[in-house]
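See structure below.
The values are calculated or read from the model by the stated rules, or taken from the named source; none is laboratory data. Keep in mind that this is a model prediction, so the values were computed, not measured. In this analysis, Cβ positions are derived from the backbone assuming ideal geometry, glycine residues included, and neighbour counts consider all displayed protein chains. The protein model used for the area step is the full one, side chains on, heavy atoms only, and it has no ligands, DNA or RNA in it. Shrake-Rupley method; radii C 1.70, N 1.55, O 1.52, S 1.80 Å.
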Amino acid sequence: MNFGFSIPTRGPLATQESVLALARRGEELGFAYLALSDHIVIPRKIASPYPYNPERKMVGAADGDCLEQLAVMAFLAAATRKIRLLTSVMVVPHRPPVFTAKALATIDVLSQGRVVVGVGAGWMDEEFQAVCAPPFSERGKVTDEYLRAFKTLWTQDDPRFEGRYVRFADISFLPKPVQKPHPPLWIGGESPAALRRVVALGDAWYPIGANPQYPLDTAERYAQAIAGLREDAKRAQRDPDSIALSYWASWYKEGETLKLDDGQRRAFTGSDADVARDIAAFRALGASSLLFNFARPTLAESLSAMERFVAQVVPLVPKS
């Protein structure tokens, strides 16, 4: 099982000192992934419903502070040596596709093949408008087409593409990414549309378990969703085993127990032993990577949470 953690790109920990300290300490502790979230701007007024809490409101929207995802990824690529660099997730329609493919390929080259491209279609109409992205209502189609364009640019010697949103021909796209055939595409999202995107275009499924509309916050719920994904893959004549399983438990906080409406304990909450058993249960279902949130009010507390997880939770995970 590989573990990862988020690097704050918004709020009081989104500073040079903090992101460097968290990335370097995470690498020292043996974490496999550092994850970077994506907002380019935060609109002052947001009517779009946030998918990942019952209140449907984005937390911390008022401050508007955010570092740009790919710039931070490049910065941390130079500051680390082994840990993998994950967009968690990149809102694909926010940036022009040829530029985005080139930026990711460049970081993959400079990091010597450590880029993992977590992707989603986005949820905030207001941000789409602010960054002059394609229409929010078409974001799913745009995302699918951009991902196909990425693959074409990353893998073909004479890349050509003629789509509704992307067109290019007679170009040289070099250098190619170090990773072959290309950096892994981890498809975020929990909806039926997201699962179809996983089957059609993804190397891994990377959901957040906290979506109230599509909850995946117990091993049983996650198992049911995996079964549905595998059936979708079979119908599309794709080998289900070719889709890796990654999972983002963004709510983790040491010692905190969260209960669901039916009284069950939410996965990855409770005692250290509870969390360790959840890790083992998700591993048994096929998950190969689990991402956690160790961001706390201060840098010292955040570093302590990471260290505590490695020292007190990981050793309790039953051996496979």
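With respect to residue 112, determine if the residue is under 30 Å from residue 262 (Cα atoms), open to solvent by 20 Å² or more (accessible area, probe 1.4 Å) and touching a residue at least 40 places away in the same chain (Cβ under 8 Å). When the stated conditions are applied, residue 112 does not pass them.
Taken over the range 258-309, residues that are in contact with a Lys or Arg (Cβ under 6 Å, 6 or more places away or on another chain) and farther than 26 Å from residue 25 by Cα amount to 2. Does residue 28 count as surrounded by 15 or more Cβ atoms within 10 Å (Cβ to Cβ), farther than 16 Å from residue 186 by Cβ and of a type in the set (Asp, Glu)? So residue 28 fails the test. Meeting the requirement of 1 or more residues that are among the aliphatic types (A, V, I, L, M) and surrounded by fewer than 20 Cβ atoms within 10 Å (Cβ to Cβ), the helices (runs of 4 or more DSSP H) wholly within the range 116-208 are 125-130, 192-201. Of the residues 262, 241, 272, the single one that is surrounded by fewer than 20 Cβ atoms within 10 Å (Cβ to Cβ), of a type in the set (D, E, K, R) and under 20 Å from residue 195 (Cβ atoms) is 241. Residue pairs whose Cβ atoms lie under 6 Å apart, sitting 6 or more positions apart in sequence or on different chains, and linking a residue in the range 43-59 that is closer than 17 Å to residue 10 by Cβ to a partner that is in a loop (DSSP other than H, G, I, E, B) and among the basic types (Lys, Arg), are 50/56; 50/57.
Residues that are more than 19 Å from the chain's Cα centre (by Cα) and of a type in the set (Val, Ile, Thr) within the range 226-272 comprise 257, 269, listed in sequence order.
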